[in-house]
Ligand code: ADP
Ligand code: MG
């Protein structure tokens, strides 16, 4: 114990003030760091900075955790969990995206490739990166997004919903192409893409090359206009190879889909 400990009165006051600031970690940090500061001869400024730093880093960590929980990921997957031996060609691109710069520039990411090649994994991992960088994130399949937009539209709330969604730094649309999207819904989806264009990021995953999106959205013109906006500021990553799910199961390939996605370009 130091020779001149803080008076019980000021400790009580710190407890009260930290609670009023809703910064409970300050209570613990203030007394513990005060002893350390006295022993090490810190300046008052060093001490204050150290106390505030504890509160801020704890807040950032718990904020990131809340944003990850609120994102609605199907499973928690990180870049550290990803086995690059299976996708060596994309390592550098993903590494660059992991700095989070694409979010501040409102750039998009498109992950293309056959089933099981890690599209959802990497989309989720980049979503977690975004949450850790302080961005709000929402993850859902294309079908779920369509349902959500259709409901909003039916209630006359589409504009409000799109405005609300723009407050999310990142929206992930998983599995574009697994199910066809009706023409009305395709228009709503187009509005989602337009409303985020150059404002906030999108990540899309698809087992189909862009050339097949016209079939998914039931309209070549809508698909073309949408792809144009998505790709204008985007990184397109093409994953290749056999399904990671089927590794070691003695199954080398899945039928047909592999043949159609083989020629994914730009
Ligand atoms: P896709 O969305 O392309 O169909 P997923 O991302 O869902 O594929 O991957 C299928 C499963 O295999 C998931 O559990 C995922 O975590 C895992 N997986 C896929 N690729 C890799 C990889 N390169 N390293 C580690 N796990 C992987
Ligand atoms: Mg997937």
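The values are calculated or read from the model by the stated rules, or taken from the named source; none is laboratory data. As the structure is a prediction and not an experimental result, all values here were calculated from the model. For neighbour counting, all protein chains shown are included, and Cβ atoms are generated from backbone atoms with ideal geometry for every residue, glycine included.
Within the set of pairs 6 or more residues apart or between chains, which connect a residue that is modelled with pLDDT of 95 or more inside segment 63-84 to a residue that is part of a loop (DSSP other than H, G, I, E, B) and surrounded by 14 or more Cβ atoms within 10 Å (Cβ to Cβ) with Cβ atoms less than 6 Å apart? Hits for this filter: 67/136; 79/98.
Checked against the criterion of being in contact (Cβ under 8 Å) with a residue 60 or more places away in the chain, farther than 11 Å from residue 226 by Cβ, in the same structural domain as residue 101 (by TED's automatic domain parsing) and more than 16 Å from ligand 2 (Cβ to nearest atom), segment 186-198 contains one or more residues that satisfy it. Looking at segment 46-165, the helices (runs of 4 or more DSSP H) lying wholly inside it that each contain 2 or more residues that are within 16 Å of ligand 2 (Cβ to nearest atom) sit at 119-132, 142-154.
The requirement of being away from ligand 2 (no atom under 13 Å from the Cβ), in the same structural domain as residue 240 (by TED's automatic domain parsing) and free of Cβ contacts under 8 Å to residues at least 40 places away in the same chain is not satisfied by residue 201. Do you know which residues across segment 117-127 are in contact with a helix residue (DSSP H, G or I) (Cβ under 9 Å, 6 or more places away or on another chain) and closer than 16 Å to residue 200 by Cα? 126, 127, listed by residue number. Among the residues of segment 153-175, none qualifies, meaning not one is buried (at least 19 other Cβ atoms within 10 Å of the Cβ), over 20 Å from residue 71 (Cβ atoms) and touching a helix residue (DSSP H, G or I) at 6+ places or on another chain (Cβ under 8 Å). Kindly list the number of the only condition in (1) at pLDDT 90 or above; (2) farther than 21 Å from residue 143 by Cβ; (3) assigned to a helix (DSSP H, G or I) that fails for residue 258. In the conditions (1) at pLDDT 90 or above; (2) farther than 21 Å from residue 143 by Cβ; (3) assigned to a helix (DSSP H, G or I), residue 258 misses (1) alone.
Among the residues of segment 190-226, those identified as closer than 17 Å to residue 109 by Cβ and in a helix (DSSP H, G or I) are 192, 193, 196, 210, 213, 226.
Please verify whether segment 175-184 includes one or more residues that are within 16 Å of ligand 1 (Cβ to nearest atom), more than 11 Å from the chain's Cα centre (by Cα) and assigned to a strand (DSSP E or B).
Yes, segment 175-184 has at least one match.
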